[in-house]
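Nothing in this text is a laboratory measurement; each read-out follows from the coordinates by a stated rule. Model, not experiment: these values are computed from the prediction. We place every Cβ from the backbone using ideal geometry, glycine too, and count neighbours over all the protein chains shown.
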Amino acid sequence: WSLDHHIASDLSDAWAEALTGSFSPWSLQKGIDAEFSAKLRHRNYDGFRLSRCQCGPTSGFRSRGELANTDEEFYSILYVLKGEEIVEIGGTETFLSPGTILLWDSERPMKFNVRTDLEKLTLLTPAKELESVFPFAKERVGSTIDSKNGPGTLFANHLLTLESIGWQMEPAQLKRSM
């Protein structure tokens, strides 16, 4: 998906629809200008979804309305590759820069503010799947890990590998890799 194929008058609506289609229902804080650019690529894998997002500065939120329109409970693991983003969950702002991995969920209101051109990978995981291997996931929402150290390095490399070869794998093979 790319904004290249949309006319300037509907860029904000097109971007909000793309975010909703790739992640979950989102609303934009403000409109975007004609200079804004964005690209999204995602693939579904039997309940999992891996997305690559590239976009310019933008901001948005998930409030009660968006939460009510979310079909299922999930966790999202966001890995910033380039740029900067501020995410607010439960009144706590977290600054994300290249190498930061953040866990968020579909059950809490949140806001995002992309401050510079951003590139990120996001893995959406059904809540039950993640909680089966990480029972304290709910308590860790909003926390970050550094992809440059220890387990963060392993996890970041796993996400990058899934993204690089996942487009060619069959869904059943890929689910076993998650």
Open item on the list: Restricting to bridges with both residues inside the range 32-128, how much of the DSSP beta-bridge set is antiparallel, in percent to the nearest 5?
Closed with: 100 percent
TODO: In nm, give the distance between the simple-model label positions of T94 and S164, each being 7 Å from the Cα along the Cα-to-Cβ direction.
DONE: 2.6 nm
Task: For a label point 7 Å along the Cα-to-beta-carbon line of F61, residues of the range 101-144 with backbone N under 18 Å - done: 105-115
Task: Cβ-derived FRET efficiency at R0 35 Å, E107 paired with K148, nearest 0.05 - done: 0.75
